[in-house]
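Novice: Just dropping this structure here.
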Amino acid sequence: MEDFNASIAVDGRMYEQDIRGSMAHARMLAQQGIITEQERDLILEGLASIAHDLGQGKLEFTAAAEDVHMNIETFLTQRIGETGKKLHTARSRNDQVALDVRLWLRDETNDIKAQVLALGEALLTLAEQHVNDLMPGYTHLQKAQPVSLAHHLLAWFEMLRRDYERLQDAMKRLEMMPLGSGALAGTGFPLDRMAVAIELDFPAITRNSLDAVSDRDFAIEFCAVASILMMHLSRWAEEIILWSSDEFGFMELDDAFATGSSIMPQKKNPDAAELIRGKSGRVYGDLLALLTLMKGLPLAYNKDMQEDKEALFDAVDTVKKCLLVITPMLQTARFNTERMANAARGGFSNATDLADYLAAKGLPFRDAHEVVGKAVRHCIEKGLTLEELSLSTFKSFSPLIGGDVFETLDVMQCLARRQLPGGPAPGRVRDAIEEARAWLKECGSK
Ligand code: ARG
């Protein structure tokens, strides 16, 4: 039972948060006259020395003391004697663990937010270099219309921006201080809950003691946000893998982020990208584990909830590792812009522009679409691109076509024409980069 019941092997990593929470609790107990100032000081000194020794690896947790809370309390009593036993006055491990996980997750969320901003910064730096570099835009993974590499990278940036905003939004529900909820029904001691919240830099206290000790929404919400983030990274990873293939040849990863094959000497595998794609599955699993863990639990605390940490920690660790790798992987990648531009010129990615040209000259768009369809078919039969047709051939498809058609078909012009907000025209993309930079700066300064 001891082995089965103990969670120290997992929750021991929250020791710093546990001690921070206990220090705030002890200060408040003294402020309220529940313990004396001498007792408080003894407790604070004891806790500080335990934090120090744990940091140095000089103390070892034991399964006999079950979890991080009891281990630290045991150390404290060993060090300062009977006074150590007063720390837990007006507190339960149920509100204590709720606080620890919130403190821990807030620290980690802040780290992740900084990583997300660093990745956003890297994307913008790359985008700036490729505003005029054409690449094919795809739908159904078939060449559709020309875009620029910068525009594509800015699409990634938007996904990331939403991830950041979701992390930020989840903070509102995370930053609520649960101490004072006791085991489930609060306490008769005259605690100052807000003082503890202020000391721990929480803007609010939880509003219902039963809910406070049984709520793990914040952990689930983090995993949901993390799952969406990982879903995004997996999509980028998939594109990186495709682009690194010989068939695409759009980019080459730095050797540091690729590996060879043990049998095929020519291979350079995009392992880092594949692992990011694969690890998204772990995080979805963590989300599902937490949802399933909490499903059907009656109020208030149930020991099932001790199982929350492994999944949450795994999600946090995985997201952090993936962000740590993807940023330098992108920063060191080489883009074969020549090949991308050539790919943008093929595959009739300017066909829509020809249809638009005819529509602008008064032909109903549906008819224009049909005319261009015929011209494309003709080109495929002759092995030509649209811009290689002669003016007289063009005229045989539609008398509306004039000499200005060649400029219309130039892919760079196709790009430049798409001037609407949100579009890929170089000017618009430069505006978008500027807006994104300002947003990053504002996020970073908060
Ligand atoms: N180790 C426990 C957890 O992580 C702490 C709370 C235990 N509370 C209790 N009444 N057994 O959930």
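The values are calculated or read from the model by the stated rules, or taken from the named source; none is laboratory data. Note that this is a predicted model, so its numbers are computed, not measured. Every residue, glycine as well, gets a Cβ built from its backbone with ideal geometry; the counts of neighbours run over all protein chains shown.
Novice: Suppose we keep only residues that are closer than 23 Å to Asp53 by Cβ and within 16 Å of the ligand (Cβ to nearest atom) within segment 76-90. Which one would you say is surrounded by the most Cβ atoms within 10 Å (Cβ to Cβ)?
Specialist: Here is the first cut: in segment 76-90, the residues closer than 23 Å to Asp53 by Cβ are 76-88.
Add one more test, that the residue is within 16 Å of the ligand (Cβ to nearest atom), and what stays is 87-88.
Details: Leu87: 24, His88: 16.
Top of the filtered list is Leu87.
Novice: Within segment 8-59, considering only helices (runs of 4 or more DSSP H) that don't extend past its boundaries, which have at least 3 residues that are over 20 Å from Leu99 (Cβ atoms)?
Specialist: 37-55
Novice: For the structure I just gave you, tell me whether Ala219 is touching a residue at least 40 places away in the same chain (Cβ under 8 Å) and within 16 Å of the ligand (Cβ to nearest atom).
Specialist: yes
Novice: Also: Going residue by residue through segment 278-285, is there one that turns out to be assigned to a helix (DSSP H, G or I), modelled with pLDDT of 95 or more and aliphatic (A, V, I, L, M)?
Specialist: Within segment 278-285, one or more residues are assigned to a helix (DSSP H, G or I), modelled with pLDDT of 95 or more and aliphatic (A, V, I, L, M).
Novice: From the set of residues in segment 200-223 that are within 28 Å of the chain's Cα centre (by Cα) and assigned to a loop (DSSP other than H, G, I, E, B), which is farthest from Leu154 (Cα to Cα)?
Specialist: Only one residue tops the list, namely Thr206.
Novice: Can you go through Ala122, Ala98 and tell me which one is over 20 Å from Met14 (Cβ atoms) and either of a type outside the set (Lys, Arg) or under 31 Å from the mean Cα position of the chain (by Cα) (or both)?
Specialist: Answer to the selection: Ala122.
Novice: What pairs can you find where one residue is in segment 334-346 and closer than 17 Å to His151 by Cβ, the other is of a type in the set (Asp, Glu) and not in a helix (DSSP H, G or I), and their Cβ atoms are less than 6 Å apart, with a gap of 6+ or different chains?
Specialist: Final answer for the pair search is Thr337/Asp133.
Novice: Same structure again: Return yes or no: is Lys446 of a type in the set (D, E, K, R), at pLDDT below 95 and more than 22 Å from Met340 (Cβ to Cβ)?
Specialist: Against the criterion (of a type in the set (D, E, K, R), at pLDDT below 95 and more than 22 Å from Met340 (Cβ to Cβ)), Lys446 qualifies.
Novice: Sort through Ala197, Ala226, Ala273 and tell me the only one that's part of a helix (DSSP H, G or I), more than 16 Å from the ligand (Cβ to nearest atom) and more than 16 Å from the chain's Cα centre (by Cα).
Specialist: Only one candidate passes the filter, namely Ala197.
Novice: Any residue that is within 25 Å of Leu153 (Cβ to Cβ), buried (at least 16 other Cβ atoms within 10 Å of the Cβ), in contact (Cβ under 8 Å) with a residue 12 or more places away in the chain and more than 16 Å from the ligand (Cβ to nearest atom) - is there at least one of those in segment 282-300?
Specialist: Checking segment 282-300: at least one residue is within 25 Å of Leu153 (Cβ to Cβ), buried (at least 16 other Cβ atoms within 10 Å of the Cβ), in contact (Cβ under 8 Å) with a residue 12 or more places away in the chain and more than 16 Å from the ligand (Cβ to nearest atom).
Novice: Might you let me know whether segment 93-108 holds any residue that is away from the ligand (no atom under 12 Å from the Cβ), free of Cβ contacts under 8 Å to residues at least 60 places away in the same chain and part of a helix (DSSP H, G or I)?
Specialist: No, segment 93-108 contains no residue that is away from the ligand (no atom under 12 Å from the Cβ), free of Cβ contacts under 8 Å to residues at least 60 places away in the same chain and part of a helix (DSSP H, G or I).
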